[in-house]
Amino acid sequence: YISTKCRITVSGALQRPVFQINMSMKGNLLAYTGSKDLENPDEMNAVQEQLEKEMEKSLSKTLIRLQKKGLDPVGFGEHLRAKYDGEWSREKGDDYLANAVFHTRVALKLIRYGTISGKK
């Protein structure tokens, strides 16, 4: 990818926080082997939308896996601490994260593409 931006917002009750993760990506598609004609804007948009959906699904699965293991490499606990007032501890943050809900949105813009094999 050429660039990636990520914005995380938190809402909802502290006991069941809701995280909205918005990712914006620009990049190159280097190894496309599908049947779509990427010269056609409609087909290119279809490929972008499919990639966005797959990335959202993968991101959601990863977040749920991390949540089940009690891991927070992204820093969601810090987002909670910054959003909600009151006394804070790591254990308290871990408890709240265990009940969190994650919503993901990926916006992808393909800049360039390369085709290994064209239409089938």
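The values are calculated or read from the model by the stated rules, or taken from the named source; none is laboratory data. Every value quoted in this text rests on a predicted model; they were computed, and no experiment measured them. Positions of Cβ are generated from backbone atoms using ideal geometry, with glycine treated the same way; all protein chains shown enter the neighbour counts.
Tabulated results
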{"read-out": "Among (1) of a type in the set (D, E, K, R); (2) closer than 30 Å to Gly93 by Cα; (3) without any contact (Cβ under 8 Å) to a residue 24 or more places away in the chain - the single one Asp42 does not satisfy", "value": "(2)"}
{"read-out": "All positions within region 15-70 that are in a loop (DSSP other than H, G, I, E, B) and among the charged types (D, E, K, R)", "value": "Arg16, Lys36, Asp37, Glu39"}
{"read-out": "Subset tally (residues that are under 20 Å from Lys53 (Cα atoms) and buried (at least 16 other Cβ atoms within 10 Å of the Cβ)) for region 1-29", "value": "6"}
{"read-out": "Residue in region 15-31 that is at pLDDT 90 or above, over 22 Å from Lys109 (Cβ atoms) and among the hydroxyl-bearing types (Ser, Thr, Tyr) present", "value": "no"}
{"read-out": "Residues of region 75-105 classified as buried (at least 16 other Cβ atoms within 10 Å of the Cβ) and in contact (Cβ under 8 Å) with a residue 24 or more places away in the chain, total", "value": "8"}
